[in-house]
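Everything below concerns the one structure shown next.
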């Protein structure tokens, strides 16, 4: 076994639960709150949930795919797990911190590992002004929404919205509009990792907007500030032959 104690956590599916039972019988393991390596069994959604649950602990997470989408997961296999963990490559991720102010004058903070997305709540398009480091960069974006993505999240919702894929280590964030109506030709921007981005909701009473940081949704926002949370660092483990950097590079050449 690896020197560090491990734990198994599974998504709420029969396939993942069965895998956890088999692995638990085969390998020594501890409770997740005592583990230094957590083996997450499921898909990308379960990986994100596991990362969120461990935000404030120095724990490494190794995913094995038991779901339908497994971009953040390694291939499932029960043989030689200690050896796989010993030679796994670590990837450090920094999440985003969202601070959303609502129409009721409340403030909500949330963490996003993939992206922060602003989305219209009604049939009317949203009107959003975008500020970067205190300077207004786009006075009015008329759209279904807009998102700010990390490199790890750039192959998720950001890619579906036709945003750019960001290599790990690029120290960039992808600012991507969702179904932009005006300006018609604006396709988004690449921002430095240390940028402070603020979204100001124009006509917020008439055109309500929600803000979503991974699993946290805040309704009826009037402004949203997003920055990299340098106080937190997340560690993912990948088999050398299936490392995340190589997957992100491959996505850029996918047909």
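Structural remarks
- Scanning region 12-26 turns up no residue that is over 29 Å from residue 109 (Cβ atoms), surrounded by 12 or more Cβ atoms within 10 Å (Cβ to Cβ) and in contact with a helix residue (DSSP H, G or I) (Cβ under 6 Å, 6 or more places away or on another chain).
- Those strands (runs of 3 or more DSSP E) of region 23-105 in which at least 2 residues are under 23 Å from residue 249 (Cα atoms), considering only elements entirely within it, cover 60-65, 89-93.
- Condition met for residue 134 (assigned by TED's automatic domain parsing to the domain that holds residue 188, modelled with pLDDT of 95 or more and out of contact with any strand residue (DSSP E or B) (no Cβ under 6 Å at 6 or more places or on another chain)): yes
- Of the residues making up region 166-184, those that are within 15 Å of residue 116 (Cα to Cα) and either surrounded by fewer than 16 Cβ atoms within 10 Å (Cβ to Cβ) or in contact with a helix residue (DSSP H, G or I) (Cβ under 9 Å, 6 or more places away or on another chain) (or both) number 3.
- Qualifying positions in region 102-120 - more than 22 Å from the chain's Cα centre (by Cα) and farther than 11 Å from residue 201 by Cα: 104, 105, 106
- Counted as qualifying within region 126-182 are the strands (runs of 3 or more DSSP E) with 1 or more residues that are under 15 Å from the mean Cα position of the chain (by Cα) and closer than 21 Å to residue 228 by Cα, namely 145-149, 172-178.
- When the test is whether a residue is at pLDDT below 95, exposed (fewer than 13 other Cβ atoms within 10 Å of the Cβ) and either out of contact with any strand residue (DSSP E or B) (no Cβ under 9 Å at 6 or more places or on another chain) or more than 30 Å from residue 227 (Cβ to Cβ) (or both), residue 104 passes it.
The values are calculated or read from the model by the stated rules, or taken from the named source; none is laboratory data. Worth saying up front: this structure is predicted, and the values here are computed from it rather than measured. Positions of Cβ are backbone-derived with ideal geometry, glycine not excepted, and every protein chain shown enters the neighbour counts.
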